[in-house]
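Working notes, beginning with the structure itself.
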Amino acid sequence: MKNIGKLFIYSSLFFMVGSCTNLDEELKGDITKDISLPGISVGGGGGDSDILGAAYARLRSAGTANHGSYYSIQEITSDEMCIAAKGGDWFDGGILVDLHRHTYNASHDFVNNAWNGTYGGINTCNELLAGTAIDAGQRAQVRALRAYFYMRLLDLYGNVKIITQPNVDAPQSTRAQVFDFVEAELLGALGVSAVTAGMDLSASPLSAANNPVRINRFGALGLLSKLYLNAEVYAGKKMYDKAAIAAGLVIDSGVYSLCGTGCKVTNLGRRPAVASDPAELEGYAAVFAPNNQNNPEHVFVVFYDEATGADMNFSQMNLHYSSQFTWNFDAQPWNGYATLEEFYNSYENGDLRKKNNFIVGPQLDFGGSAVLDYASDDGNLILDYTPKINELVPNSKREAGARPSKFSFKQLGRPNMDNDYPIVRLGEMYLVRAEASARDAGDWSKAEADVNILRKRAGVANLTAMTADKFLSERGREMFQESARRTDLIRFGKYNGTWWEKPVSPAHVNIFPIPATQVTASNGSLKQNPGY
């Protein structure tokens, strides 16, 4: 990644109400040149340019951190986020409301996009495995990566085809069969037949070296731990003991450490004229920053880079149009995703995660002046993000909702961000071990020690008298914006309940429909999921 940005000449501060999703409200002309501004750093990056790069790149293009695919259907079906309609902007024919209210069907574009993106990744893996250009270690990586793609299908759709060769069809498998396949592939990649306490992985073809943009032994163990945690939902069998063992092996490996006090990166979003902007991001905030490459907590991440690894678009997806002036963005944000008020309020005020994960209140530009919205619909020209959202449809206020900012923004940022996105990180492994141990023992107090390790980092007091509901809330606070909440709500039996602007939903929506276009194209070999 090069230290190249764009210097913008803002000729006017004029806003118009957008008419549909992703249409920018034009604010600027632009002059492209290399720049250097006092007090501003735009960071550096890594890469994934080896022979396996195309396969890993599929994680980016499969919707991991952008709008309209995997991330969207994981997040806005949960109680974390919504996309409220602002007049004609963001209504999009009602498909976003359908996700929020669990009224989606087999014709939903996002459901089809997630299917296509995931199978695209599987196809790339199959092509690599069918060739002879990769060695045993690389082959094990590709098997583990393909298994992760199938984990997504297992979680989202349940009953899918297990395709293992290019251009070779297969019959539809049951959800339990897909679970067994994913487990077998991850175990095979590790070179073992089962996960056991103290097992020897020295003969594994997967590397033990710490390279978070590639799946090593600990990345595969982390994926297994998450698979086993959901085994009762996916396959009707309890495997919490194995989930706890696999997560514990990652924690106890000594390869990774929680990013806490003293674990710092330069704050690339800092405005030198705003005294409240710290020079550095520390602890939890550093895990998700634009310059979070090789964070000690990362086990397996999706590599993103504004120039060479596109498709992380949170700055565009989450922020109001006028927030372009806070970070001097290359392009104007879209004003879409916002956090539900109840979820925002689930954090204690002293929780460092709350400060990092959300943007609220009056906004300041790069020079410390108030950011204005001349098309304001609340009588106040100053952009002021409010936790309360007045309504989902038809006329949500333009500045309503705390804005997700866990994956923080940098000055002179482009629409494609630099923040690497964790698939497996050490903080989550503590939560997996905590929950799995509690469920295995039938005693939620078994989760307290691991949960409180994370709460200590967050600057809040220990939890005592642990319950399932307390644990779910704590897991939500730690894992916000990491595409985990829908899966967690299903595992805890909460997905079909009510929350803001969402009624009770039927049990069949816990897995998505097989996209109608796929059922039609299959000539009868794909059967639709029940209820659709």
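Does the stretch 476-506 hold any residues that are of a type in the set (A, V, I, L, M, F, W, C) and within 24 Å of the chain's Cα centre (by Cα), and which are they? First the steps, then the outcome.
Residues of the stretch 476-506 that are of a type in the set (A, V, I, L, M, F, W, C), as a first pass: 479-480, 484, 489-490, 492, 499-500, 504.
Scanning the stretch 476-506 gives MET479, PHE480, ALA484, LEU489, ILE490, PHE492, TRP499, TRP500.
ASN291 - would you say it is under 24 Å from ASN419 (Cα atoms), touching a Leu at 6+ places or on another chain (Cβ under 8 Å) and assigned to a loop (DSSP other than H, G, I, E, B)? First the steps, then the outcome.
On the way: under 24 Å from ASN419 (Cα atoms): yes; touching a Leu at 6+ places or on another chain (Cβ under 8 Å): yes; assigned to a loop (DSSP other than H, G, I, E, B): yes.
Yes: the conditions hold for ASN291.
Would you mind finding the one in ALA331, ALA246, ALA286, ALA275 that is among the small types (Gly, Ala, Ser), more than 22 Å from ALA144 (Cβ to Cβ) and in a helix (DSSP H, G or I)? Full working, then the answer.
Working: ALA331 fails: in a helix (DSSP H, G or I); ALA246 fails: more than 22 Å from ALA144 (Cβ to Cβ); ALA275 fails: in a helix (DSSP H, G or I).
Within the list ALA331, ALA246, ALA286, ALA275, the selection yields ALA286.
Show the residue pairs that are 6+ apart or on different chains and have beta-carbon atoms under 7 Å apart, the first residue being within the stretch 165-191 and without any contact (Cβ under 8 Å) to a residue 60 or more places away in the chain, the second being surrounded by 19 or more Cβ atoms within 10 Å (Cβ to Cβ) and of a type in the set (Phe, Trp, Tyr).
VAL178/TYR150; PHE179/TYR234; PHE181/TYR150; VAL182/TYR150
Are there any pairs, at least 6 apart or on different chains, whose C-beta atoms fall under 6 Å, with the first in the stretch 498-512 and surrounded by 13 or more Cβ atoms within 10 Å (Cβ to Cβ) and the second polar (S, T, N, Q) and at pLDDT 95 or above, and if so, which?
Between residues of the stretch 498-512 that are surrounded by 13 or more Cβ atoms within 10 Å (Cβ to Cβ) and residues that are polar (S, T, N, Q) and at pLDDT 95 or above, the close pairs are SER505/ASN496; ILE511/ASN529.
So, in the stretch 212-241, exactly how many residues are farther than 15 Å from PHE300 by Cα, among the β-branched types (Val, Ile, Thr) and out of contact with any helix residue (DSSP H, G or I) (no Cβ under 6 Å at 6 or more places or on another chain)?
The total comes to 0.
Write out, first by first residue and then by second, each pair whose Cβ atoms fall under 7 Å of each other, whose residues are 6+ apart or on separate chains, and whose first residue, in the stretch 416-428, is farther than 12 Å from SER483 by Cα while the second is part of a loop (DSSP other than H, G, I, E, B) and modelled with pLDDT under 95.
ASP418/MET1; ASP418/GLY43; ASP418/GLY45
With respect to the numbered conditions (1) out of contact with any Asp or Glu (no Cβ under 9 Å at 6 or more places or on another chain); (2) at negative phi; (3) not acidic (Asp, Glu), which one is the sole condition not fulfilled by TYR240?
Failing condition for TYR240: (1).
Is there a residue in the stretch 387-399 that is modelled with pLDDT under 95 and surrounded by fewer than 18 Cβ atoms within 10 Å (Cβ to Cβ)?
At the first step, the residues of the stretch 387-399 found to be modelled with pLDDT under 95 are none.
No.
Determine, yes or no, whether GLY262 is more than 30 Å from LEU227 (Cβ to Cβ) and either buried (at least 23 other Cβ atoms within 10 Å of the Cβ) or free of Cβ contacts under 8 Å to residues at least 60 places away in the same chain (or both). Please lay out each step first, then the result.
Values: more than 30 Å from LEU227 (Cβ to Cβ): yes; either buried (at least 23 other Cβ atoms within 10 Å of the Cβ) or free of Cβ contacts under 8 Å to residues at least 60 places away in the same chain (or both): yes.
When the stated conditions are applied, GLY262 passes them.
Which of the residues that make up the stretch 460-483 are exposed (fewer than 15 other Cβ atoms within 10 Å of the Cβ) and closer than 18 Å to GLY260 by Cα?
Residues satisfying the conditions are ALA461, ASN462.
Give all pairs with beta carbons closer than 8 Å in which a residue from the stretch 455-482 that is under 13 Å from GLU348 (Cβ atoms) meets a residue that is in a helix (DSSP H, G or I) and among the hydroxyl-bearing types (Ser, Thr, Tyr); count only pairs at least 6 apart in sequence or on separate chains.
As it stands, the answer is ALA458/TYR284, since those pairs meet every condition given.
Looking at (1) assigned to a loop (DSSP other than H, G, I, E, B); (2) under 19 Å from GLU399 (Cβ atoms); (3) among the small types (Gly, Ala, Ser), can you tell me which one ALA338 breaks?
The number of the failed condition is (1).
Which of the residues spanning the stretch 369-391 are in contact with a helix residue (DSSP H, G or I) (Cβ under 8 Å, 6 or more places away or on another chain) and either charged (D, E, K, R) or in contact (Cβ under 8 Å) with a residue 60 or more places away in the chain (or both)? If you could, list the steps in order and put the result at the bottom.
So the first thing to find is which residues in the stretch 369-391 are in contact with a helix residue (DSSP H, G or I) (Cβ under 8 Å, 6 or more places away or on another chain), and the list is 371-373, 383, 387-389.
Within the stretch 369-391, LEU372, ASP373, LEU383, LYS388, ILE389 qualify.
Consider ALA331 carefully, then state whether it is touching a helix residue (DSSP H, G or I) at 6+ places or on another chain (Cβ under 9 Å) and either modelled with pLDDT of 95 or more or of a type in the set (A, V, I, L, M, F, W, C) (or both).
yes
Considering (1) of a type in the set (D, E, K, R); (2) closer than 23 Å to ASN328 by Cβ; (3) more than 25 Å from the chain's Cα centre (by Cα), say which one ASP443 fails and leave the rest.
(2)
Please go through the stretch 513-526 and give me each residue that is buried (at least 20 other Cβ atoms within 10 Å of the Cβ) and in a helix (DSSP H, G or I), ordered by number.
GLN518
Can you tell me which residues in the stretch 484-497 are among the polar types (S, T, N, Q) and crowded, with 18+ Cβ neighbours inside 10 Å?
Of the stretch 484-497, the ones among the polar types (S, T, N, Q) are 487, 496.
Hit for the stretch 484-497 is THR487, nothing else.
The rows are residues; the columns are (1) over 27 Å from THR77 (Cα atoms); (2) buried (at least 19 other Cβ atoms within 10 Å of the Cβ); (3) free of Cβ contacts under 8 Å to residues at least 24 places away in the same chain.
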{"residue": "PHE325", "(1), (2), (3)": "yes, yes, no"}
{"residue": "ASN328", "(1), (2), (3)": "yes, yes, no"}
{"residue": "ASN335", "(1), (2), (3)": "no, yes, no"}
{"residue": "PRO362", "(1), (2), (3)": "yes, no, yes"}
{"residue": "GLY367", "(1), (2), (3)": "yes, no, no"}
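The values are calculated or read from the model by the stated rules, or taken from the named source; none is laboratory data. None of these values were measured; they are calculated from a predicted model. We place every Cβ from the backbone using ideal geometry, glycine too, and count neighbours over all the protein chains shown.
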